[in-house]
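So the structure is just underneath, and the comments pick up after that.
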Amino acid sequence: MVPHLVTALHGPINDLETRILESMPAIERWFRLEWMEHTPPFYTSVDLRNAGFKLAPVDTNLFPGGWNNLTPEMLPLAVQAAMAAIEKICPEAKNLLLIPEKHTRNMFYLMNVARLKQIFTQAGLNVRLGTLDPDVKEPTSFDLPDGTSLTVEPLLRPSRRLGLKDFDPCTILLNNDLSGGIPRILQNLTEQYLLPPLHAGWAVRRKTNHFQSYEEVAKKFAKLLGMDPWLINPMFNRCGEVSFSESGGLECIQSNVDALLGKIRRKYKEYGINEKPFVIVKADNGTYGMGIMTVRDAKELSEVNRRTRNKMSVVKDGQVVSEVIIQEGVPTYERLNDAVAEPVVYMMDRYVVGGFYRVHADRGVDENLNAPGAQFVPLAFAQSHQLPKLGEKPGVSAPNRFYMYGVIARLAMLAASYEMEATDPNAEVYE
């Protein structure tokens, strides 16, 4: 099952697919060498956009939810990758403490937590759930739509180790992106492995740092394949000291939007692309599709209404937006049943383990699809992502399309590795 692309099938994206397939041995060797020098994030999901003339990541999540959207056929890959990841970090691991988000009343999210628990249990670990929610004073169970249940327990930190009652874990896995800040109970855990590290959370992390690292990775990869890095890299600018609630800093956004639109127009002209360029303005930190707007003309920003300003001013956990990334808009020309779709690729350690299409019938090709009303259709990665069909005509083979997605998603994961190294507050400790 592969969505149809509504652009001409002889465009640059098919040239890119051909180039990637022809270079597969060189690409896999290049990744192997990179992973000898850099540590992959523990788990990652990447949102991709396929414009037909360009394929690029637009968001990289280091605390991915949505594992429940992967099909059961993808589970063996995820379990194998989990085993490899744990063996590298703590081979003698017996107990894993999984810390989810606080909003544990969301059934879709709880199903994601249940799937993560299943993956790590099948990887050979005792898994229990600890919550950062101070209102949870005793073990609390939640019934799930599939007839099973999950129990979350209050965290205990009697000394330098974090655990639960009668449960001392070697490894702590966060599925909480720390948007609201770094809780004291998670700080200075020197005797246990905390994954991902605290500086991967949105209290510290910035999208501009990530895409700066991605630009570096894209240039290296493009040199390997002898191509223009723009075909896989979204250009961006940054504005700090912004206040949407008081219209502060909007001049900075306007000038950067104008400059970026000019750059995109020049690229479109170079490639003969007859499209109206746009940019995405979004909070430099944060997730869940909050604090995002599409801008097609810098003049639009002088007419932003109160409702849009309110939407842009605050993101998850009530965090006020003061920094934004202005990112080149990559339209998505993939369709599932006439609804706009974008692929989301899931990885654990350095392996692609699955993914899905995010589909939204009420959104346009130049809009954010991570919004209420989105649906999820699993990708056929389970059988195919590392088994492309060499010699197939570009644009018609699902395995070849998904292999290409996997390559670009792994580039974003590698960029996250560069980013984590560059922003690690304890880097000097390991040198």
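The values are calculated or read from the model by the stated rules, or taken from the named source; none is laboratory data. Since the model is a prediction, treat every value here as computed from it, not as a measurement. All Cβ positions, glycine included, derive from the backbone under ideal geometry; neighbour counts span all protein chains shown. The area values use the complete protein model at the heavy-atom level, side chains included, leaving out ligands, DNA and RNA. Shrake-Rupley method; radii C 1.70, N 1.55, O 1.52, S 1.80 Å.
Taken over the stretch 342-371, residues that are at pLDDT 90 or above and open to solvent by 50 Å² or more (accessible area, probe 1.4 Å) amount to 2.
So that you can scan it fast, the table gives a plain yes or no per residue for (1) more than 13 Å from SER149 (Cα to Cα); (2) of a type in the set (A, V, I, L, M):
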| site | (1), (2) |
| --- | --- |
| CYS90 | yes, no |
| ASN95 | yes, no |
| ASN112 | no, no |
| GLN118 | no, no |
| ALA123 | yes, yes |
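Residues of the stretch 57-71 that are of a type outside the set (Phe, Trp, Tyr) and either farther than 19 Å from LEU231 by Cβ or more than 12 Å from the chain's Cα centre (by Cα) (or both): ASN61, LEU62, PRO64, GLY65, GLY66, ASN68, ASN69, LEU70, THR71. For ARG19, the criteria (1) within 30 Å of ARG265 (Cβ to Cβ); (2) open to solvent by 10 Å² or more (accessible area, probe 1.4 Å); (3) outside any helix (DSSP H, G or I) hold in every case but one, which is (3).
Would you call ILE182 out of contact with any strand residue (DSSP E or B) (no Cβ under 8 Å at 6 or more places or on another chain) and under 20 Å from LEU62 (Cα atoms)? Here the answer is yes, as ILE182 does meet what is asked.
Residues that are open to solvent by less than 20 Å² (accessible area, probe 1.4 Å) and without any contact (Cβ under 8 Å) to a residue 40 or more places away in the chain within the stretch 260-283 comprise LEU261, GLY262, TYR268, listed in sequence order. For LYS165, the conditions (1) over 23 Å from LEU178 (Cα atoms); (2) among the basic types (Lys, Arg); (3) surrounded by 19 or more Cβ atoms within 10 Å (Cβ to Cβ) all hold with the exception of (3). Against the criterion of being modelled with pLDDT under 95 and farther than 24 Å from ASP47 by Cβ, VAL136 qualifies. The number of residues in the stretch 197-209 being in contact with a helix residue (DSSP H, G or I) (Cβ under 8 Å, 6 or more places away or on another chain), in a loop (DSSP other than H, G, I, E, B) and open to solvent by less than 20 Å² (accessible area, probe 1.4 Å) comes to 2.
Against the numbered list (1) under 30 Å from VAL330 (Cβ atoms); (2) assigned to a helix (DSSP H, G or I); (3) in contact with a helix residue (DSSP H, G or I) (Cβ under 7 Å, 6 or more places away or on another chain), ALA82 comes up short only at (1).
Against the conditions (1) open to solvent by less than 20 Å² (accessible area, probe 1.4 Å); (2) closer than 24 Å to TYR193 by Cα, LEU70 satisfies every one except (2).
Listed here are the residues, each with its yes/no results for (1) open to solvent by 60 Å² or more (accessible area, probe 1.4 Å); (2) touching a Cys at 6+ places or on another chain (Cβ under 9 Å).
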| site | (1), (2) |
| --- | --- |
| GLN80 | yes, no |
| GLU87 | yes, no |
| LEU96 | no, yes |
| ILE99 | no, no |
| VAL113 | no, no |
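Residue count for the stretch 326-341, restricted to those that are at pLDDT below 90 and on the phi < 0 side of the Ramachandran plot: 8. Looking only at the stretch 136-184, residues that are within 20 Å of TRP67 (Cα to Cα), assigned to a loop (DSSP other than H, G, I, E, B) and free of Cβ contacts under 8 Å to residues at least 24 places away in the same chain come to 1 in all.
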